[in-house]
Every structure is written in structure tokens, then in C-alpha cells.
Amino acid sequence: MSDSEKTDQEKKSGIFEKGEEFLEMFRKGQEFTHDLLRENERLRYRVAQLEENLKQKLEAPDSGPRDAGSEDAAGKIARYEKRLAELEARLKEMEAENVDFAQRYIDVEEQNNNLANLYVASYQLHSTLDYEDVLQIILEIIINLIGAETFAIYLLDEKTGILSPEAAEGISRDQIPSVKIGEGVIGSAAQSNQSYFNENPHQDLKKRFSDPLVCIPLTIKDDVIGVITLYKLLQQKERFAPVDFELFTLLAGHAATAIFSSRLFTESKRKLTTFQGFLDLLSQ
């Protein structure tokens, strides 16, 4: 194994270790939140028990002797009824608060998972400089985190101005037509550097090749190097969630940088190998 390969592996190992540390931090945060909610529920239940005991004591008949200055029976009943109404109102408030806490816990857990997914996706994109590995990581992010079933990654040839499919999932690249920049939905998205979302997709999958569900320009600063097009979502994916749009933003920048960097590195490495071979041939 060469020194550069060892260095790459060490970098990958370090990145994945950081990713695991980050996920462990989120897991501890989730456990802490869950413990707080569980303790809150226990305390609320205890308060309800105490109030119920108080209510029973108030409702219990008074068998002791009555003084001349004691309250009459009607006044005491009215006081008990008022206290009972206050307890019932308090119990309703507690039930509503418990529902609110449960919903807040679900929201916090969902946000933690979304942040963890974004973090892992970002680190995965920059975990290697191998071009094929970068493309494969992008495919896995789109499948596992966004939930797309059929999609393609177009890359722009600056000399010809043509967007050609570089990688695809759920369909062969040969079935996906190339697009000239500025033409059609895909070419226009690349030219304008604006994402496109189709609210009324065509039922025929083949017609979606010219009018996909989503077009995400891959951008480095103001330069577009390609476009990610989504044609079909997984069956269990009914609609896009807020985190999906965060992933689209991440892919637009980070995926473009990862593709560009890895392509330059791979080409440079190939040229260096060719040059080294030429020098070896001359030395012989």
C-alpha cells in the first residue's frame, strides 16, 4: 500500500470517528431529553395523586362535633365544590401540558436526527478524493436520506455546453438524454442556477426525463458544473419534508465541490502516473 493510500485511509478513519462522536453526542442529548420528560411525567403524576388525596379528604363527611360558630353545611359544600372544580381544571391543564411536552420531544428528536443526517452527509461527501467513490456517496445520500428511487447526475461539458448523465439510479444512463444548457427544464435550471420543483409531475416516467420532479444545480460559487434530477420517489415517500430542502441546499454546494475536487485529483493522479511511466521509460 502506497503512502498516499495510507494517508487517505487515515483521513477517512478520522472523519468517520468524528462522525461517530457527533452522533454519540446527539444520542446522549436525546437520552437526556427523554429522561427529563420521564421525570416530569412522574412528578406530574405525583402531584395529581396528592391533589386527588386532598379532594377525597375534602369530600369526606365531617363526623366531629359542630361548634356554634362553625360554617353551615351549605357553605361548606359550596367550598368543596369550588375546590373540586379547581382540581379538575388543573388536571385538564396538566393533560394538555403533557401532550405539549410529548410533541416537543418528538420535534426535538426529529430535529436531532435531521441534523445528524446533514452532518454525516456533509462529512461523507468530503471523506474521499476518489471520483467514483464521490459519485457513489452522492447516490447513497439521495436514496437513503432524500428517498428517491429514480434519478440522475448530469455534468456539464464547458466546451460543448452539453449536460450529460454521469451517474444514474433506477435507470440506465443510456436511457437518459443529454441536454444542452439553456434548453428545456433541466437546461434552464442549469443556466439560471435556480432549483426547480414540479408540483404536477407527469404520470409517465419517460416524460419526466424532460420535466423531472426536481432539478438541483450543482454550483461552485456562481459556476454551475452539473444538475441533479429526481424523476421518482420511493413508494413510502409521499412528499418532501423540510429536511429534504436542507439536503438539496447541501448537495447544491457540497456535492459540487466534492465532484469538482475529486475529478481534478483523479485527473492529476492519472497524468502523474503517465508522466512517471514516461520518465521510467526514458531512464531505461
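The values are calculated or read from the model by the stated rules, or taken from the named source; none is laboratory data. Not measured: the values here are computed from a predicted model. A quick note on method: Cβ atoms are made from the backbone with ideal geometry, for glycine too, and the neighbour counts reach across all protein chains shown.
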Of the residues 125, 163, which single one is in contact with a His (Cβ under 7 Å, 6 or more places away or on another chain) and among the hydrophobic types (A, V, I, L, M, F, W, C)? 125
When region 65-113 is examined, which residues are found to be among the basic types (Lys, Arg), at pLDDT below 70 and surrounded by fewer than 13 Cβ atoms within 10 Å (Cβ to Cβ)? 66
Looking at region 214-230, which of the residues that are in contact with a Phe, Trp or Tyr (Cβ under 6 Å, 6 or more places away or on another chain) and of a type outside the set (Val, Ile, Thr) is surrounded by the most Cβ atoms within 10 Å (Cβ to Cβ)? 230
Among all residue pairs at least 6 apart or on different chains, which show Cβ distances below 7 Å where the first residue, located in region 128-145, is in contact (Cβ under 8 Å) with a residue 12 or more places away in the chain and among the small types (Gly, Ala, Ser) and the second is outside any helix (DSSP H, G or I) and surrounded by fewer than 20 Cβ atoms within 10 Å (Cβ to Cβ)? none
Condition check for residue 123: hydroxyl-bearing (Ser, Thr, Tyr), assigned to a helix (DSSP H, G or I) and either more than 30 Å from residue 257 (Cβ to Cβ) or modelled with pLDDT under 70 (or both): no
Which of the following residues is at negative phi, among the aromatic types (Phe, Trp, Tyr) and crowded, with 17+ Cβ neighbours inside 10 Å: 245, 240, 278? 240
Could you tell me how many of the residues in region 177-197 are assigned to a strand (DSSP E or B) and under 15 Å from residue 228 (Cβ atoms)? 3
Take residue 234 and decide whether it is aliphatic (A, V, I, L, M) and either surrounded by 15 or more Cβ atoms within 10 Å (Cβ to Cβ) or free of Cβ contacts under 8 Å to residues at least 12 places away in the same chain (or both). no
Provide a single number: the residues in region 135-176 that are under 21 Å from residue 245 (Cα atoms), of a type outside the set (S, T, N, Q) and not in a strand (DSSP E or B). 11
Could you list all residues from region 229-238 that are under 19 Å from residue 152 (Cα atoms) and either under 16 Å from the mean Cα position of the chain (by Cα) or among the aliphatic types (A, V, I, L, M) (or both)? 230, 233, 234, 237
Is it true that residue 208 is in contact with a Phe, Trp or Tyr (Cβ under 8 Å, 6 or more places away or on another chain) and of a type in the set (Lys, Arg)? yes
Since residue 164 meets every condition but one in (1) touching a residue at least 40 places away in the same chain (Cβ under 8 Å); (2) surrounded by 13 or more Cβ atoms within 10 Å (Cβ to Cβ), which condition does it not meet? (1)
Options 186, 176: the member that is closer than 15 Å to residue 151 by Cα, surrounded by 14 or more Cβ atoms within 10 Å (Cβ to Cβ) and in contact with a Cys (Cβ under 8 Å, 6 or more places away or on another chain): 186
List the number of the failed condition for residue 81; all other conditions in (1) within 27 Å of the chain's Cα centre (by Cα); (2) assigned to a helix (DSSP H, G or I); (3) more than 24 Å from residue 234 (Cβ to Cβ); (4) not hydrophobic (A, V, I, L, M, F, W, C) hold. (1)
